[in-house]
Structures are given as C-alpha cells and as structure tokens.
Amino acid sequence: MVITVRDLADEAEWERQYAMVGNAFGGNRAAPDEPHRSAVRGCVDQRLSIVVCDDGEHIGGCASSLFDLSLPGGASVSASGLSGVGVRPDRRGRGAMRAMLVEHLKRSAELGAAASTLMATEPSLYGRFGYGLMSSVATHRINVDRAELAEPFTDAGRIEVFTSGDARQAAAADVYERMRSVNPGMTSRNESWWRVVLSDSDDWKGPAKPFVAVHYDEAGDPDGYALHVVEPGTGGLWRPRATVVAHEFVVANLDAEKALWQFLVDVPLVRELRWHMAPVEPRIRLLLANRRELDTEMVNDMLWVRPLDVAALLEARTYERDGDASFAVTDELFPDEAGPWKLTVVGGRGSVERVDSAEVSLTPSQLGMVVTGATSLRSLAAAGLVDASEVVDSLSDLLVSSETPQPISRF
Ligand SMILES: CC(C)(COP(=O)(O)OP(=O)(O)OC[C@H]1O[C@@H](n2cnc3c(N)ncnc32)[C@H](O)[C@@H]1OP(=O)(O)O)[C@@H](O)C(=O)NCCC(=O)NCCS
C-alpha cells in the first residue's frame, strides 16, 4: 500500500473522479447533464485538481476553485475553495485524504492563496489540517400567512422574475458583485460559477425550477435578488401547500430587503418559506409583526478558513481600533508561517512584522476562527482553548469586527 498524489491526467479521468467522489458521498444523486458538468469543470482550477492513488490505482481525489475572499473593510485576498473530497469506500483509513489535503494546501500556497477555505459535510475532519470555522449560516422556516412586516411597506421600486436562460438574470451578478465589498465571507464568482448557480440542474438545488426575483430601485438599478424555487406540497392541485425555498437572498439596502421579503411570502399557493444560507440573526426578524414566525430550523457551520499567509490576511482586512499585539502561530506544515508575529494597527490599517517572542500561541485553526473577528479570541479563552491573559484580550479587541461574515456561495 503506497499512497501517492498527482494531477488529473485527462478529461476521462475527470469524469471518473466526478463519479467516484459522488459515490463516496453515497451515490444518491444522478449524474448531472453534460452542460452542467462542464460548468462545474469551469469552476475548478486545473492546478488544484488532485488525484490520489493506492499502489498506482486511482482511489479518490479532490477539486478546488481559486477565488477572492472578502474580508472586513471591503478588501479581498486570493483563496482556494476545497471541495469534492472523496476516497473510495473500500480504501479508507490508509492516509489517502491526508495525502491529498497536504498536497492541496501546498499547491494553494504556491498559487498565492492567503487561505484555503471549505464547507464541510463532515466538520470533525478539518481542524487537524488547520481549518477553523469562520462563520455559520442558518436555515429559517417561516409561516407565510403570519409573516407580515410590522409597518406597512410601499415599494418605490419594482421586482421582475426571471427563469433559467434569461439573460436578464445577469442583474443578480451585478448585485452580488457590489455586495462583495460590503460583506466579508463572500467569494467571487466567475461565469462558470454563475452558470452552475443559475442552472436548472437537479445537482444544485434539487428538481424544482429556479427563479431569480430581481429588485430594481426607483432609478431602475438592480439592488437585490432572491434565487428561489417553489417545491410542491402534498395537497395536489387543489390544496398545493407549496414551500418557497430561498437559496440566495442578497440585498444592498433595507428597501430591497423588505420588498423581496414581501414578494417571497406572497408567492401564490405557498404555505411556507424556507430560507437557506441566511444570517443566523437576520435583520428582517426585527421588522416582523410577530418575530416568532421566523423560526430558526438549524444553524450550520459554513465557511472554514485555513490561513496560509498570515501577513496577507491580517494586512488586507481593516480594523475598528488602533493598537498592537503579538502572537505566535504553530504551523507544522508551513514552518515559514510559524513563529512570533506582531500586528500593529494605525488608522484602521494593519501591518504585520516578525518579532522575537510572543506570549500568546495560536494554531492555524484558531487563527482561521478569529482572523475576521467573526469569533472572538476572548471566547476561545473563555472556552479554555487558549490561555486567558491581558495580551489575549488586547489581540481580541484588535481583531473584533462589527461586520459579520456572511458567505452566500456553496462550493
Ligand atoms: C472522509 C474521507 C475523505 C476520509 O478519507 P480517508 O482516506 O479514509 O482518510 P485518511 O485515512 O487520510 O484519514 C485522515 C484523518 O482523518 C481522520 N478521519 C477519517 N475519516 C474521518 C471521519 N469520517 N470523521 C472524523 N475523522 C476522520 C483519520 O482518523 C485521520 O486522522 P489523522 O491523520 O489525524 O490520524 C472518506 O472517508 C470519504 O470519502 N468519506 C465520504 C465523503 C466525505 O465525507 N468527504 C469529506 C466531506 S467534507
């Protein structure tokens, strides 16, 4: 048993790996059609498509994208997005995943990524590789008959609904792109990503047909969209009891948010709205006549971050207070990143330099959790995960951010 990793050889091997990884996840979904598969292929960076072999036999692999990850203050850094990690069920427990994860991280760093990111199906896997949970998202369940806004709202703009293939869906991409500089945790999307997100394929959102409701402001500019499907209920034609499922709800201002909310809860024949990828504490809850009608069904860990370039991450984001603090990073995989650093913030901009020593020591996983301020270092200390001290408090205060990361993209 010798585990090795290598590049994907050709298109045929890509197809084989796509099927193999699907089977590793249980093989419950039919293979998507060719246009969808080729769009997925366009999202993946060839250099980060890794094959893992056991004695030369292909037994699994992973695929990753390269995109820009938004940070507090509007800047972004290059990051890889790991996905499709799978090993044949009969070849598990031999170190195949470890080999490909290490290769993925090394290649990501060589390509200039400041971090590797992922969404985990199996969250307990990734701390050992230095990933820390940066942000969570919620699924909310809403009884549409009782979800009215406390104050009546009259929209000065308008909403138009587009289906797959309508070029006007591109308005959603405009809104998304604008919001990237405001919402940390968002990731850039190329054309292939948009083809995947807006496609009719079952692979992405189940069998229901996707609609994009775009909100235009009074001046006619798009300022929000809701990507949603209408799932049939059990009551047949006479009592449909359908559910509208919002997969993406992206708004640039409060009016667009109210208008799109009103639109979704008023979709004809619908009894319930389910809102995926939502903020854990959405602003709209504050505006409801009865806040209890927005019922949180689950909170899921969403974006995991593995720092690869400590200085790039800390110097790209902005800060809400000035000061300085030192910390050390323990990183066996990237010795150049390990050791003591000092973060100095002046006028909201950070600079990072090497120092001789530091009292606080963080694993890459802990740094991934706190680097955007989404989790406070104080809370890690309160949980006994790092030693509490004044230095921890001052580093925690420096990193804190009122901009809560809100990832939108699934990858
Ligand atoms: C998860 C999966 C990729 C692991 O592959 P593998 O080749 O058996 O993993 P390895 O032998 O390299 O193990 C790597 C490490 O993860 C641990 N590990 C493996 N499977 C695990 C699991 N399901 N839960 C928690 N830890 C696990 C191992 O103990 C090992 O730890 P160590 O290196 O610190 O000792 C494989 O089981 C699989 O394909 N599962 C189905 C698809 C899936 O869940 N993919 C990941 C989704 S995010």
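The values are calculated or read from the model by the stated rules, or taken from the named source; none is laboratory data. Since this is a predicted model, take the numbers as computed values, not measurements. Positions of Cβ are generated from backbone atoms using ideal geometry, with glycine treated the same way; all protein chains shown enter the neighbour counts.
Determine, yes or no, whether residue 160 is in a loop (DSSP other than H, G, I, E, B) and in contact (Cβ under 8 Å) with a residue 40 or more places away in the chain.
no
Is at least one residue of the stretch 96-114 in contact with an Asp or Glu (Cβ under 9 Å, 6 or more places away or on another chain), more than 16 Å from the ligand (Cβ to nearest atom) and part of a strand (DSSP E or B)?
No: zero hits.
So, residue 84, is that one surrounded by 18 or more Cβ atoms within 10 Å (Cβ to Cβ), on the phi > 0 side of the Ramachandran plot and within 16 Å of the ligand (Cβ to nearest atom) or not?
yes
Just checking, does the stretch 58-81 include any residue being more than 12 Å from the ligand (Cβ to nearest atom), at pLDDT 95 or above and farther than 30 Å from residue 406 by Cα?
The answer is yes, given that some residue of the stretch 58-81 is more than 12 Å from the ligand (Cβ to nearest atom), at pLDDT 95 or above and farther than 30 Å from residue 406 by Cα.
Tally the residues that are assigned to a helix (DSSP H, G or I), closer than 18 Å to residue 79 by Cβ and among the basic types (Lys, Arg), restricting the search to the stretch 175-219.
Within the stretch 175-219, residues that are assigned to a helix (DSSP H, G or I), closer than 18 Å to residue 79 by Cβ and among the basic types (Lys, Arg) number 1.
Any idea which residue in the stretch 387-407 is modelled with the highest pLDDT, counting only those that are of a type outside the set (Ser, Thr, Tyr), under 22 Å from residue 117 (Cβ atoms) and in a loop (DSSP other than H, G, I, E, B)?
400
Do you know which residues across the stretch 32-78 are surrounded by 14 or more Cβ atoms within 10 Å (Cβ to Cβ), part of a loop (DSSP other than H, G, I, E, B) and of a type in the set (Gly, Ala, Ser)?
Scanning the stretch 32-78 gives 49, 73, 74, 75.
Search the stretch 115-129 for residues being of a type in the set (A, V, I, L, M) and more than 6 Å from the ligand (Cβ to nearest atom), and hand back the single one that is farthest from residue 60 (Cα to Cα).
Result: 115.
Is it true that some residue in the stretch 167-174 is assigned to a strand (DSSP E or B) and surrounded by fewer than 18 Cβ atoms within 10 Å (Cβ to Cβ)?
Checked against the condition, which is being assigned to a strand (DSSP E or B) and surrounded by fewer than 18 Cβ atoms within 10 Å (Cβ to Cβ), the stretch 167-174 yields no hits at all.
Go through the stretch 1-38 and give me each residue that's over 26 Å from the mean Cα position of the chain (by Cα) and under 23 Å from residue 194 (Cα atoms).
Listed by number, the list holds a single entry, 11.
Sort through 108, 124, 116 and tell me the only one that's surrounded by fewer than 17 Cβ atoms within 10 Å (Cβ to Cβ) and small (Gly, Ala, Ser).
124
Can you confirm whether the stretch 233-241 contains a residue that is assigned by TED's automatic domain parsing to the domain that holds residue 275 and touching a residue at least 40 places away in the same chain (Cβ under 8 Å)?
no
For (1) among the charged types (D, E, K, R); (2) touching a residue at least 24 places away in the same chain (Cβ under 8 Å), each residue gets a yes or a no:
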{"site": "26", "(1), (2)": "no, no"}
{"site": "33", "(1), (2)": "yes, yes"}
{"site": "58", "(1), (2)": "no, yes"}
{"site": "71", "(1), (2)": "no, yes"}
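Pick out the one residue from 227, 260 that is closer than 24 Å to residue 37 by Cα and modelled with pLDDT of 90 or more.
227
Give the stretch 285-310 a look and list any residue that's within 22 Å of the chain's Cα centre (by Cα) and without any contact (Cβ under 8 Å) to a residue 60 or more places away in the chain, or say none.
The one that is within 22 Å of the chain's Cα centre (by Cα) and without any contact (Cβ under 8 Å) to a residue 60 or more places away in the chain: 310.
Do we find that residue 390 is over 30 Å from residue 124 (Cβ atoms) and either buried (at least 17 other Cβ atoms within 10 Å of the Cβ) or not polar (S, T, N, Q) (or both) in this structure?
It is true that residue 390 is over 30 Å from residue 124 (Cβ atoms) and either buried (at least 17 other Cβ atoms within 10 Å of the Cβ) or not polar (S, T, N, Q) (or both).
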